[in-house]
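Accompanying notes for the structure given below.
The values are calculated or read from the model by the stated rules, or taken from the named source; none is laboratory data. Note that the coordinates shown come from a computational prediction; the quantities given were computed from them, not determined experimentally. Glycine also receives a Cβ, built like all others from the backbone with ideal geometry; neighbour counts cover every protein chain displayed. With ligands, DNA and RNA removed, areas are computed over all heavy atoms of the protein, side chains included. Shrake-Rupley method; radii C 1.70, N 1.55, O 1.52, S 1.80 Å.
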Amino acid sequence: MLTRKLPIIAVATAPGKAGVGVIRISGPNLLQITSALFQKTLTPRQANLLTLRDGDGEVIDQLIAIYFAAPASFTGDDVLELQCHGGPQLLELVMRRCLELGQDQGLVIAEPGEFSLRAYLNNKIDLAQAEAIADLIDAQSEAAVRGAARSLQGAFSNDINSLIEEITQLRILVESTLDFPEEEIEFLENAQARERLKTVMHQLHALREGAKQGKILRDGIQLVLAGAPNVGKSSLLNCLAGEEVAIVTPIAGTTRDRVKESITIGGVPMHIIDTAGLRDTNDLVEAKGIERSWEAIGAADLVIFLQDSSTIDSVDGPELELKAQILKSLPSKCPVLEVHNKSDLLSSSDLRSTKGRALFISAKTGDGIEALKQKILETVGWGGTQEGAIVARRRHLDCLDRASVHLDKSQQFAADGNVSLELFAEELRLAQDQLGQITGKLLPDDLLGKIFSQFCIGK
Ligand SMILES: Nc1nc2c(ncn2[C@@H]2O[C@H](COP(=O)(O)OP(=O)(O)OP(=O)(O)O)[C@@H](O)[C@H]2O)c(=O)[nH]1
Ligand SMILES: [Mg+2]
């Protein structure tokens, strides 16, 4: 997919019926395909109302065609956009006719993400921007849309590039000294290399923090509600979702399987998973459900360990045991929020005595739910501000983490003074390589193919 230079075609709009359906063609020699389709040469960037006919001269559709001449197009190659009527069968017919008439030019159906890949290979956008296009389409909240749009405009790439530039300057300084060993004396001091490195490390730290927020914005949080039966997990899900998503009854063991619902809290997508109450059971179906509860806990970003506050003092033993079990099953770094439900059943003096001890809520009355939402955002490390936020992916975070490790090492070598100048420079280079992978410089081809294949067809 990376090397083929053939023209490609795909439906760019979502499957299903719509007012308009867009088919996009991109590649070399599009004018030949265009004149075969419409028997005329199209002026670039002009909307043309045209009729497309089949081999027997029968009308397939009347459509609007816009031709973009290379390099002034999304992909950087010639692009033809056909705005047809939006019926799936109709679009299929238009596609078939285009493939028929484009056969001599080698027109083929595009792979997922191939249009964006070509834009990237033609230097219209860098890799982080290409990923931002996919993230913009997948965005699950308004804040994620805005973050992806900022990344697409280059906000994230610009920060990465200016950091790369700083490191390059520092490398030039160090590496030029390596060629003149007699001048190495006190080189690091004279060049203020350590101070400059510190500044770079600060900038990288800020970028990592921003990217962590960006990852939350893009992927959201897998929030698992876990606890003993009957403590009100399903009630809490319904309360957070604002609708009756899960069945609630006074019978312990009501929820048998995971129930998922996605909402946003403070602009952050939350994928809430209600689970079967955890207990020993001989019921085969319930046991299966509980197995799935443990699986959900094992894949969570945050677990709410829900307890019934009206029985809190009498069941300390089993609750503690359950909590220990949950803690053992968590993925590393996954936090647990201990929350006590049914606070409406506590007397006001009981409630006063619990003040400050833990989070008390009532899924029934909604009491404490706002505070719980704030606590959730705080616990997952959401900074609370969407201003200037970008979206980021695991891949970006991994590159930033590795860059940070290399900068830490370079700092250690800098502390050794002149004896380790070469190693100092080498670690700077490795950090720079990691940052370059985010925007796509120095990225192995197989990784590139993997990234773009996750895009949707027609993008
Ligand atoms: N008073 C009061 N009752 C509640 C509250 N939350 C839930 N309940 C009641 O507690 C019972 C159990 O609620 P569920 O939400 O089904 O509990 P669960 O934890 O999902 O239970 P399982 O699915 O069996 O694990 C129901 O009768 C609810 O009406 C609350 O905040 N206050
Ligand atoms: Mg339930």
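Annotations for the structure displayed:
- Subset tally (residues that are in a loop (DSSP other than H, G, I, E, B) and without any contact (Cβ under 8 Å) to a residue 24 or more places away in the chain) for the stretch 321-363: 8
- Restricting attention to the stretch 246-270, the residues that are surrounded by 17 or more Cβ atoms within 10 Å (Cβ to Cβ) and closer than 24 Å to GLU370 by Cα total 10.
- Sole exception among (1) loosely packed, with under 13 Cβ neighbours inside 10 Å; (2) in contact (Cβ under 8 Å) with a residue 12 or more places away in the chain; (3) more than 16 Å from ligand 1 (Cβ to nearest atom) for GLY366, by number: (3)
- Taking the listed residues LEU117, LEU121, the one that is at pLDDT below 95 and within 13 Å of PHE455 (Cα to Cα) is LEU117, with no other qualifying.
- Strands (runs of 3 or more DSSP E) within the stretch 183-281 that include 3 or more residues away from ligand 1 (no atom under 16 Å from the Cβ): 259-265, 268-274
- Pair list, Cβ < 6 Å and 6+ apart or interchain, from the stretch 292-308 residues that are farther than 11 Å from ILE273 by Cα and more than 16 Å from ligand 2 (Cβ to nearest atom) to residues that are open to solvent by 30 Å² or more (accessible area, probe 1.4 Å) and assigned to a helix (DSSP H, G or I): GLY298/SER329
- Filter pass, ALA72 being of a type in the set (A, V, I, L, M, F, W, C) and either touching a residue at least 40 places away in the same chain (Cβ under 8 Å) or loosely packed, with under 14 Cβ neighbours inside 10 Å (or both): yes
- Failed condition for ARG292, given (1) open to solvent by 40 Å² or more (accessible area, probe 1.4 Å); (2) within 11 Å of ligand 1 (Cβ to nearest atom); (3) at pLDDT 95 or above: (2)
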